[in-house]
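Structure, as structure tokens:
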Amino acid sequence: MSAQIIDGTALSARLRADIGARAEALAAAGRRPGLAVILVGDDPASAVYVRNKVKACQAHGLHSVLETYDGALSEAALLARIAALNADPAIHGILVQMPLPAHIDPHKVIAAIATAKDVDGFSVHSAGALMAGLPGLRPATPYGCMKLIESTGQALRGKHAVVLGRSNTVGKPMALLLLQAHATVTVCHSATPDLGRYTREADVVVAAVGRRDTLRADMVKPGAIVIDVGMNRNDAGRLCGDVDFAAVREVAGWITPVPGGVGPMTITMLLANTLQAAAAQAGPPA
Ligand code: GUN
């Protein structure tokens, strides 16, 4: 039997409607949530991503500013802009689009963002809070994956989840979020021999390695939940994920498509984080 498709576009629309309503409520109280997005350089893919982030803010009642800089911008100048945005009461979230030009140290830049405004959840403080099980802002992509898994109605407690990939932005925080949901978690990566040995035992697989056809049908347990974070191109130039979708959907119980799965959720959770940041910065109710 064919897997149920987990529709990230539809789930996003539901969550965004709620985000829009909550943004208006904060705005009515004089605190419209605000996101600053900084792009340095002229990477065309990054330009599309930041435009989509700003457009999503505009469509859901969030204030947004997009600052674009020449690739020659100095690290000191970027840090000075972040300091100014940290002090700006109309801005509750700051996102510096990665990758940055080689002369700018991304770790220094991320560390310069006020913890309360770290809507990417990339800072050492945010990552530490996640590891310690403390409240905080979670990286948008794995946070969105959790919402997609939740939408299946299947409990994670006691299930075996296998994460393919160990990046700081997806794989590692994904593993921690799954642990927090009481799954038993295995993290596989480029040095793992025989991925299938692990994935065949998995009730949930999250694929985030950036290589198409990494997860094939013979590697999937019947009925498993498969979440595909990949964004690759096939030989025909069409967008595809890390999963052999056509074959795996015949084995899995649930599966996210690419496009239309994780992609829309990433921006949605960025909006959710900006809202969370704005609500937290508003302080306790009067
Ligand atoms: N580049 C690609 N994805 C992301 C993201 O989620 N946040 C930032 N800041 N840069 C990115």
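The values are calculated or read from the model by the stated rules, or taken from the named source; none is laboratory data. Being a predicted model, the structure only gives us computed values, none of them experimental. Cβ placement follows ideal geometry from the backbone for every residue including glycine, while neighbour counts extend to all protein chains displayed. Ligands, DNA and RNA are excluded from the accessible area calculation, which covers all protein heavy atoms including side chains. Shrake-Rupley method; radii C 1.70, N 1.55, O 1.52, S 1.80 Å.
Quick notes
Quick grid of which residues meet (1) within 16 Å of the ligand (Cβ to nearest atom); (2) in contact with an Asp or Glu (Cβ under 6 Å, 6 or more places away or on another chain):
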site: Ala181; (1), (2): no, no
site: Val187; (1), (2): no, no
site: Ser190; (1), (2): no, no
site: Asp218; (1), (2): no, no
site: Asp244; (1), (2): no, yes
site: Ile255; (1), (2): no, no
site: Val258; (1), (2): yes, yes
site: Pro264; (1), (2): yes, no
site: Ala278; (1), (2): no, no
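- Selection status of Ala247, without any contact (Cβ under 8 Å) to a residue 40 or more places away in the chain and not in a loop (DSSP other than H, G, I, E, B): yes
- Residue in the range 154-213 that is nearest to Val124 (Cα to Cα), counting only those that are touching a strand residue (DSSP E or B) at 6+ places or on another chain (Cβ under 8 Å) and among the polar types (S, T, N, Q): Thr186
- Selected residue [more than 14 Å from the ligand (Cβ to nearest atom) and within 30 Å of Ile255 (Cβ to Cβ)] from Leu95, Leu148, Leu73, Leu62: Leu148
- Subset of the range 50-66 (residues that are open to solvent by 30 Å² or more (accessible area, probe 1.4 Å) and more than 13 Å from Thr268 (Cα to Cα)): Arg51, His63, Val65, Leu66
- Residue ID - nearest to the chain's Cα centre (by Cα), chosen from residues in the range 231-256 that are closer than 20 Å to Leu11 by Cα and β-branched (Val, Ile, Thr): Thr256
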